[in-house]
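The values are calculated or read from the model by the stated rules, or taken from the named source; none is laboratory data. Owing to the predicted nature of the structure, the values given are computational and were not obtained by experimental measurement. Counting neighbours? That spans all protein chains shown, and the Cβs are built from the backbone with ideal geometry, glycine included.
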Amino acid sequence: MNGMPARQTRVIRVDPAHPDPNALVDAAHRLRDGGLVVFPTETVYGLGANALDVTAVRGIFEAKGRPSTDPLIVHMADASDLPSLVRDVPEAVGPLTARFWPGPLTLILPKQPHVPGEVTAGLDTVAVRVPAHPVARALIAAAARPVAAPSANRFSRPSPTEAAHVLADLDGRVDIVIDAGRTDIGVESTVLDLSVHPPLVRRPGGVSVDAIRTILPDVQVMSRVSDAGEAQVSPGQLLRHYAPRARMTLVEGEQHAAAARLLTEARARLAQGVRIGILAPAEDAATVSDALGDAVADGQVTVRTFGSRAEPAQAARELFDAIRAIDAAGPDEILAIAPAPEGIGLAIHDRLTRAAEGRVLR
Ligand code: TXA
Ligand code: MG
């Protein structure tokens, strides 16, 4: 981006389960000094800065090319840091944090006055979470600062689940990348808004809605992001998100119906000489690859699987890498199939709907 000072990006490799504390000292110092440090969480890699340093926080938006209207999540080392960031803590927070923290649940609560408007996009609420990844926790504890961190991708690109994804998007734009290998969950945290009644899931993610419902029986789920074409329903709920460079269309349905529909769509495009990429769980991918064998052999069709319908957690783990990989194959168009929108599958479905910018066939 024009005018942005180039940064020398240093990569630090650490053991994901037992990070050497000495290796994290530099990174913690960079955070305290206003630097940008990319670190692994259990969901995706985050692009971190000291949440209380306005200049550092502005650097996050600059590095990502993210509009300043999209608020950031503040990461804490421990739930006991909560009162320093949020004004009042509703009763439900106790059982929710006891069950889901550290972990992939983000809570939206009324902010303390000193939390900068740059972090919250001027809102009176702040999003907070305690990540479960040992590296994230050790880093935040060593920095002794709350750490604002969006996913460490360029704006509208798929979230990064490994350091190579981060470097593809942000090399020269951040100070340090802490590489601890592939992240475990693969989709971002569930964003639960406790500042509204009834409580509202604004983004499905690593914690399932059913699990939240055991504690908050009246929790609502934001109506389809795909309906949001005209108006932005909530900050950051832009439809163009996670987008590959090639145009993507999502095909919905149970296994056989979805594969049949995808084949019809694929054949129509192949007849016009369009090169297509297919992104699907293993079961669907097998059916489709068999049926399109010749076009696959000719290279007119590239098929990339992510997990399987039988193992949606694996599908979540592989999703963003698969989107980047199918895109790198250079198809004119991508056709995708999502696993059933249940449990973690709801988050996968949400991300693919947004990657397809709302183009969904059923
Ligand atoms: O798993 C995750 O949540 C990752 C890791 C790095 O922690 N972070 C992440 O951050 O996905 P980001 O910035 O890519 O997504 C944060 C989401 C956005 O959709 C944003 O609009 C929403 O949280 N958000 C943040 N603060 C909010 C607020 N005060 N009100 C409503 N939505 C908010
Ligand atoms: Mg993001």
Legend entry - Verdict on SER226 being outside any loop (DSSP other than H, G, I, E, B), surrounded by 15 or more Cβ atoms within 10 Å (Cβ to Cβ) and either within 13 Å of ligand 2 (Cβ to nearest atom) or modelled with pLDDT under 95 (or both): yes
Inset, instruction - Mind counting the residues in the stretch 51-69 that are modelled with pLDDT of 95 or more, within 20 Å of the chain's Cα centre (by Cα) and surrounded by 18 or more Cβ atoms within 10 Å (Cβ to Cβ)? - result: 7
Inset, instruction - Kindly list the number of the only condition in (1) touching a residue at least 24 places away in the same chain (Cβ under 8 Å); (2) within 19 Å of PRO67 (Cβ to Cβ); (3) more than 9 Å from ligand 1 (Cβ to nearest atom) that fails for GLY117. - result: (1)
Inset, instruction - Would you mind telling me which numbered condition in (1) away from ligand 2 (no atom under 16 Å from the Cβ); (2) buried (at least 18 other Cβ atoms within 10 Å of the Cβ) ASP171 fails? - result: (2)
Legend entry - Residue within the stretch 41-48 that is of a type outside the set (A, V, I, L, M), closer than 11 Å to ALA180 by Cβ and either touching a Gly at 6+ places or on another chain (Cβ under 8 Å) or at pLDDT below 95 (or both) present: yes
Legend entry - Pairs, first farther than 17 Å from ALA23 by Cβ and assigned to a loop (DSSP other than H, G, I, E, B) in the stretch 138-152, second within 12 Å of ligand 1 (Cβ to nearest atom) and modelled with pLDDT under 95, C-beta under 7 Å, six or more apart: PRO150/ARG66
Legend entry - Index of the failed condition, LEU192 passing every other in (1) within 16 Å of ligand 2 (Cβ to nearest atom); (2) buried (at least 23 other Cβ atoms within 10 Å of the Cβ); (3) outside any loop (DSSP other than H, G, I, E, B): (1)
Legend entry - Scan of the stretch 1-28 for residues that are among the small types (Gly, Ala, Ser), under 20 Å from ARG173 (Cα atoms) and in contact (Cβ under 8 Å) with a residue 12 or more places away in the chain, ordered by number: ALA6, ALA27, ALA28
Inset, instruction - Tell me, please, whether a residue that is buried (at least 23 other Cβ atoms within 10 Å of the Cβ), out of contact with any strand residue (DSSP E or B) (no Cβ under 7 Å at 6 or more places or on another chain) and of a type in the set (Val, Ile, Thr) can be found in the stretch 331-347. - result: yes
Inset, instruction - Go through the stretch 109-137 and give me each residue that's away from ligand 2 (no atom under 16 Å from the Cβ) and either hydroxyl-bearing (Ser, Thr, Tyr) or assigned to a helix (DSSP H, G or I) (or both). - result: GLY117, GLU118, THR125, PRO134, VAL135, ARG137
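Quick one: is ARG7 among the charged types (D, E, K, R), exposed (fewer than 15 other Cβ atoms within 10 Å of the Cβ) and over 30 Å from ARG213 (Cβ atoms)?
no
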Inset, instruction - Scan the stretch 146-155 and give yes if some residue there is of a type in the set (Ser, Thr, Tyr) and more than 16 Å from ligand 2 (Cβ to nearest atom), otherwise no. - result: no
Inset, instruction - Would you mind finding the one in LEU82, LEU31 that is touching a residue at least 40 places away in the same chain (Cβ under 8 Å) and surrounded by 21 or more Cβ atoms within 10 Å (Cβ to Cβ)? - result: LEU31
Inset, instruction - Identify all residues within the stretch 179-188 that are of a type in the set (A, V, I, L, M, F, W, C) and within 10 Å of ligand 1 (Cβ to nearest atom); write none if there are none. - result: ILE185, VAL187
Inset, instruction - Kindly state which strands (runs of 3 or more DSSP E) lie completely within the stretch 1-103 and contain at least 2 residues that are within 16 Å of ligand 2 (Cβ to nearest atom). - result: 37-40, 45-50, 73-75
Inset, instruction - State which residue is farthest from HIS75 (Cα to Cα) when the search covers only the stretch 140-178 and only residues that are within 12 Å of ligand 1 (Cβ to nearest atom) and of a type in the set (A, V, I, L, M). - result: VAL166
Inset, instruction - For the stretch 189-197, indicate whether the set of residues that are away from ligand 1 (no atom under 15 Å from the Cβ) and touching a strand residue (DSSP E or B) at 6+ places or on another chain (Cβ under 9 Å) is non-empty. - result: no
